[in-house]
Amino acid sequence: MDPNDIASELEQAARDEALSAARGRQRNLFRADCADCGDDLPPYRQVYGTCIDCQERREHMDKLRGKS
(Lines give C-alpha, C1' and ligand atoms only; values in the text may rest on other atoms or scores of the structure.)
Protein backbone atom coordinates (compact mmCIF):
# COMPACT_ATOMS: atom_id res chain seq x y z
CA MET A 1 0.00 0.00 0.00
CA ASP A 2 1.27 3.45 -0.92
CA PRO A 3 2.25 5.75 2.00
CA ASN A 4 -0.21 8.38 0.73
CA ASP A 5 -3.01 5.80 0.78
CA ILE A 6 -2.14 4.88 4.36
CA ALA A 7 -2.12 8.54 5.38
CA SER A 8 -5.48 9.06 3.67
CA GLU A 9 -7.01 6.09 5.48
CA LEU A 10 -5.67 7.27 8.85
CA GLU A 11 -7.01 10.77 8.20
CA GLN A 12 -10.43 9.41 7.23
CA ALA A 13 -10.52 7.18 10.31
CA ALA A 14 -9.72 10.16 12.55
CA ARG A 15 -12.42 12.22 10.84
CA ASP A 16 -14.98 9.43 11.23
CA GLU A 17 -14.12 9.05 14.91
CA ALA A 18 -14.45 12.80 15.52
CA LEU A 19 -17.85 12.89 13.79
CA SER A 20 -19.07 9.92 15.79
CA ALA A 21 -17.98 11.55 19.06
CA ALA A 22 -19.67 14.83 18.09
CA ARG A 23 -22.92 13.02 17.30
CA GLY A 24 -22.78 11.30 20.68
CA ARG A 25 -22.32 14.63 22.45
CA GLN A 26 -25.21 16.10 20.49
CA ARG A 27 -27.54 13.28 21.56
CA ASN A 28 -26.56 13.88 25.18
CA LEU A 29 -27.74 17.49 24.96
CA PHE A 30 -31.36 16.37 25.12
CA ARG A 31 -32.95 15.15 28.35
CA ALA A 32 -35.59 12.44 28.46
CA ASP A 33 -36.78 13.63 31.87
CA CYS A 34 -37.49 17.05 33.38
CA ALA A 35 -34.47 18.53 35.15
CA ASP A 36 -36.73 20.00 37.86
CA CYS A 37 -39.39 17.39 38.65
CA GLY A 38 -38.10 14.24 36.91
CA ASP A 39 -41.24 13.61 34.82
CA ASP A 40 -40.77 12.06 31.40
CA LEU A 41 -40.51 14.64 28.62
CA PRO A 42 -42.17 14.23 25.24
CA PRO A 43 -39.66 14.45 22.35
CA TYR A 44 -40.60 18.04 21.48
CA ARG A 45 -39.71 19.21 25.05
CA GLN A 46 -36.43 17.27 25.40
CA VAL A 47 -34.40 20.07 23.86
CA TYR A 48 -35.56 22.42 26.65
CA GLY A 49 -34.84 19.98 29.47
CA THR A 50 -37.94 20.91 31.49
CA CYS A 51 -41.64 20.14 31.30
CA ILE A 52 -44.09 22.92 30.52
CA ASP A 53 -45.27 23.20 34.15
CA CYS A 54 -41.74 23.59 35.48
CA GLN A 55 -40.80 26.01 32.70
CA GLU A 56 -43.82 28.17 33.57
CA ARG A 57 -42.84 27.98 37.25
CA ARG A 58 -39.29 29.12 36.38
CA GLU A 59 -40.59 32.00 34.27
CA HIS A 60 -42.96 33.06 37.06
CA MET A 61 -40.11 33.02 39.61
CA ASP A 62 -37.87 35.01 37.24
CA LYS A 63 -40.63 37.57 36.82
CA LEU A 64 -40.99 37.88 40.61
CA ARG A 65 -37.23 38.40 40.90
CA GLY A 66 -37.33 41.07 38.18
CA LYS A 67 -35.56 39.00 35.50
CA SER A 68 -38.21 39.39 32.80
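The values are calculated or read from the model by the stated rules, or taken from the named source; none is laboratory data. Remember, it's a predicted structure, so these values are computed and weren't measured experimentally.
What is the number of the single condition among (1) assigned to a helix (DSSP H, G or I); (2) modelled with pLDDT under 85 that Arg31 does not meet?
(1)
Here's the yes/no breakdown for (1) at pLDDT 90 or above; (2) of a type in the set (Gly, Ala, Ser); (3) not in a helix (DSSP H, G or I):
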residue	(1), (2), (3)
Met1	no, no, yes
Ala7	no, yes, no
Gln12	no, no, no
Glu17	no, no, no
Arg25	no, no, no
Asp36	yes, no, yes
Tyr44	yes, no, no
Glu56	yes, no, no
Met61	yes, no, no
